[in-house]
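The values are calculated or read from the model by the stated rules, or taken from the named source; none is laboratory data. None of the values given here were measured: they were computed from a predicted structure. Cβ placement follows ideal geometry from the backbone for every residue including glycine, while neighbour counts extend to all protein chains displayed. The protein model used for the area step is the full one, side chains on, heavy atoms only, and it has no ligands, DNA or RNA in it. Shrake-Rupley method; radii C 1.70, N 1.55, O 1.52, S 1.80 Å.
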Amino acid sequence: MTEAATGLTLYTPEGRPYRFDPGALCLELLTTGGPGPLARYEVLDTPAGLHAWLTAGRLAPGPPLTVEPADLPAVRELRDALHGLAAARAHLRPLEPAEVAVVNAAAADAPLAVRMTPEGHREWAPGATVAALRSTIARDAIALFTGPHAHRVRECGAHDCFLLFVDTSRPGRRRWCAMERCGNRQKVRTHRARTAPKDPG
């Protein structure tokens with residue numbers, strides 16, 4: 001398992017890769033789709049989609065987990081609740097009690113376990129379940145939404161990007177999902193506006 005891996009590789013509509021670090025495990029799950037218009041990005045409709053997410057981010061390489069199709073609705077339910085709570089924090093809205101209840105119910109199960117190998121390395125303990133995965137994600141969300149960075153959950157400042165992240169930078173001025181994506185697009189727009197010929201009329 002990798003302790004230093006943070007963030008995910010996402011792709012623009014044109015297929016260009018960029019690195020997005022939402023700053024927390026629970027917010028990484030939000031990149032897998034979601035309610036409403038986010039449903040077009042859904043990847044948790046197959047066990048393979050959940051396994052791909054597990055091996056891509058903070059939990060990489062992911063615990064040895066057997067995923068059945070019947071497990072997926074509960075993972076999507078947690079993810080959609082996290083979408084609502086993260087958006088509420090980002091836009092200073094009250095938390096939805098039903099979404100809080102979903103997170104609390106998931107957190108009540110035992111989380112994923114780790115163990116130390118005889119060589120002194122850390123690895124996932126056997127016996128991992130989807131319920132334990134959900135608990136681990138939910139506990140991460142509770143730590144985020146009740147912790148010192150709860151007021152730093154933000155939505156990307158681009159008008160056409162809805163990625164959510166927690167700003168853990170020291171100055172607390174992060175505006176974009178990624179500078180190489182939306183940050184650079186804004187810099188280009190600003191430059192074009194500044195250098196565009198002025199209308200004499």
Which condition number does residue 94 fail, the rest of (1) open to solvent by 60 Å² or more (accessible area, probe 1.4 Å); (2) more than 14 Å from residue 146 (Cα to Cα) being met?
(2)
Considering the stretch 180-198 alone, what residues qualify as being of a type in the set (A, V, I, L, M) and either modelled with pLDDT of 80 or more or assigned to a loop (DSSP other than H, G, I, E, B) (or both)?
196
Hey, residue 177 hits all of (1) farther than 14 Å from residue 78 by Cβ; (2) assigned to a loop (DSSP other than H, G, I, E, B); (3) free of Cβ contacts under 8 Å to residues at least 60 places away in the same chain; (4) open to solvent by less than 60 Å² (accessible area, probe 1.4 Å) but one; which does it fall short on?
(3)
Residues of the stretch 71-87 being over 15 Å from residue 133 (Cα atoms) and out of contact with any helix residue (DSSP H, G or I) (no Cβ under 7 Å at 6 or more places or on another chain), in sequence order, are 80, 87
Which residue is most open to solvent (accessible area, probe 1.4 Å), if the candidates are limited to the stretch 1-43 and must be without any contact (Cβ under 8 Å) to a residue 60 or more places away in the chain and in a helix (DSSP H, G or I)?
40
Six or more apart or on different chains, Cβ under 9 Å: which pairs go from a residue in the stretch 44-57 that's buried (at least 18 other Cβ atoms within 10 Å of the Cβ) to one that's aromatic (Phe, Trp, Tyr)? Could you list them?
44/53
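This table checks each residue for (1) of a type in the set (Gly, Ala, Ser); (2) in contact with a Phe, Trp or Tyr (Cβ under 8 Å, 6 or more places away or on another chain); (3) over 19 Å from residue 140 (Cα atoms).
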| position | (1), (2), (3) |
| --- | --- |
| 42 | no, no, yes |
| 78 | no, no, no |
| 88 | yes, no, no |
| 92 | no, no, yes |
| 100 | no, no, no |
| 126 | no, no, yes |
Residue in the stretch 65-78 that is farthest from residue 151 (Cα to Cα), counting only those that are touching a residue at least 12 places away in the same chain (Cβ under 8 Å) and assigned to a helix (DSSP H, G or I)
69
Only one of 56, 39, 90, 86 is under 22 Å from residue 163 (Cβ atoms), modelled with pLDDT under 95 and out of contact with any Ser or Thr (no Cβ under 8 Å at 6 or more places or on another chain), namely 39
Evaluate the stretch 79-95: report whether one residue or more is in contact with a Leu (Cβ under 7 Å, 6 or more places away or on another chain) and free of Cβ contacts under 8 Å to residues at least 24 places away in the same chain.
yes
